[in-house]
Amino acid sequence: MTLITDSADLARFIADLADEPFVTVDTEFMRDRTYWPQLCLVQIGTSRDAVAIDALAEGLDLEPLYRLMADERILKVFHAPRQDLEIFHHLSGRLPRPLFDTQLAAMVLGYGDEVGYEALVRHVAGANLDKTSRFTDWSRRPLTPQQVDYALGDVTHLRVIYERFRERLDARGRARWVDEELEALLDPALYEQVPEEMWRRLKVRTRDPRFLAVLQAVAAWREREAQRRDQPRNRVMRDDVLLDLVANRPRSVAALRELKRVNLDNRAAEGLIGAIEAAMALPEEACPRLEPAAKLPKGIGPLVDLLRVLLRLASEEHDVAQRLIATTGDLEKIAAADDAAVPALRGWRREVFGEAALALKHGEVAIRANGRRVELIET
């Protein structure tokens, strides 16, 4: 059985996994026409076989699957699971635990930034993926055997990758590095869409509090409307139209109708005008504000450049993806303050880079060229 469409079959399959130390997991979903991801297929790989669960099968009860995702006794192995986690959080209110991310492990093991699954299958598992169903519409039924085989490939090779990565992580003492990163990935707040915070996604030049208040209200209205309709937010109103509307601030449905690019029914239009009116009535002190853009102290740029060279050196020496160790923003904050609240000065990152960065900043070490090599020396 490679495709499960029946609740009883799913319950039996999940029950048979009680002795599995880990399972590999992937999902196929559609999101181009909906606000929430439409879960179409869930693939589970075990030590014995791999199956695809048809999430769109009529009457299929997915609760046993959700229990598996929450079962602390069984490790769930994904590759780049951010969207998968969002789906499970939305549908069940729970995140898969415990978790392992092979993309994250690949970054820790020196495979570069955000390496793709296909590359890992080729370089780690020594296999090639069938690409013929890559752009398929997973919401159409019935699924073909070719589609199911393609989907199962996303979890069968994943077992080999996980097992080899686990051995390498243990051998190099880096398993805890991955564990630290996964804790951040399992924060439920990452997957919760808060309408009142959606205005922060939009790039604006002004810091006028009243403009920001209207922007917050309109963006929150759009988010709720998108959720209500289950449509992508830009289907409700495009970003550029939203910003134009905020700049004009119509105070009536009639005034709203005069904006050529806004096309809403009466119910939606009235709700939008109500949101704008509420924002305009806010006391000045209640309006949102943007933090002033941090300005680097004068002359600090060359120090940031030195830290960037050190970061590249640490990345190559420890064979870890550079972006995973520190960002440009981290470097700027370290250059400005020894106690900067950045990940690069905590945990394993401090060991491989942070301590050396502070030492370089205070002249305790220096960077020099030695032929074709760049090295760090004590001063």
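Look at the dipole of the chain built from charges on Cβ: of Ile273, Ala337, Val77, the Cα furthest out on the positive end belongs to Ile273. Distance between the 7 Å Cα→Cβ label points at Leu190 and Arg122: 2.7 nm. For the stretch 121-160, the residues whose backbone nitrogen is under 14 Å from a point 7 Å from the Cα of Met30, taken along Cα to Cβ, are 135-144. By DSSP, the beta bridges lying fully in the chain are antiparallel in about 70 percent of cases.
Taking Cα centre as origin and charging only the Cβ of basic (Lys, Arg, +1) and acidic (Asp, Glu, -1) residues, the dipole magnitude of the chain rounds to 1460 debye. With all pairs of separate Cα atoms included, the stretch 258-324 yields a Kirkwood hydrodynamic radius of 17.7 Å.
For the stretch 301-378, the Cβ-based charge dipole about the Cα centre amounts to some 240 debye (Lys, Arg positive; Asp, Glu negative; other atoms uncharged).
Which one, Thr156, Leu41, Ile53, projects farthest toward the positive side of the charge dipole computed for the stretch 3-191 from Cβ point charges (K/R +1, D/E -1)? The listed residue farthest towards the positive side: Thr156.
Could you count how many Lys pairs in the chain have their Cα atoms under 29 Å apart, skipping same-chain pairs fewer than 8 positions apart? Taking the chain as the scope, the lysine pair count is 10. For Ala8 and Glu270, the difference between the fully extended length at 0.36 nm per residue and the C-alpha to C-alpha distance is 89.5 nm. Placing +1 on the Cβ of every Lys and Arg and -1 on the Cβ of every Asp and Glu, with nothing else charged, gives the stretch 195-286 a dipole about its Cα centre of roughly 360 debye. When the alpha carbon gyration tensor of the stretch 3-191 is reduced to an equivalent ellipsoid, its three semi-axes come out at 25, 19, 17 angstrom, largest first. Model label sites at Lys203 and Gln231, defined 7 Å from Cα along the beta-carbon direction, differ in position by 2.6 nm.
What are the chymotrypsin sites (Phe, Trp or Tyr not before Pro) within the stretch 124-211 that DSSP puts in a loop, where the Cβ has at most 16 other Cβ atoms within 10 Å? Passing sites in the stretch 124-211 are Phe135. For the pair Arg238 and Asp319 in one chain, pulling the backbone fully straight at 0.36 nm per residue adds 24.9 nm over the alpha carbon distance. Between Arg312 and Asp130, the simple label model (points 7 Å from Cα in the Cβ direction) yields a spacing of 4.4 nm.
The trypsin sites (Lys or Arg not before Pro) of the stretch 220-257 that DSSP puts in a loop, and whose beta carbon has at most 14 other beta carbons within 10 Å, are Arg238, Arg251. By the Cα gyration tensor, the stretch 252-369 has an equivalent ellipsoid whose semi-axes, rounded to whole angstrom, run 50, 17, 13 from largest to smallest. Computing FRET efficiency as 1/(1 + (r/R0)^6) for Leu91 and Ala359, where r is the C-beta to C-beta distance and R0 is 56 Å, gives about 0.70.
Bear in mind that the values in this text are calculations on the coordinates, not laboratory data. Since the model is a prediction, treat every value here as computed from it, not as a measurement. FYI the Cβ positions are ideal-geometry reconstructions off the backbone, even for glycines, and counts take in every protein chain you see.
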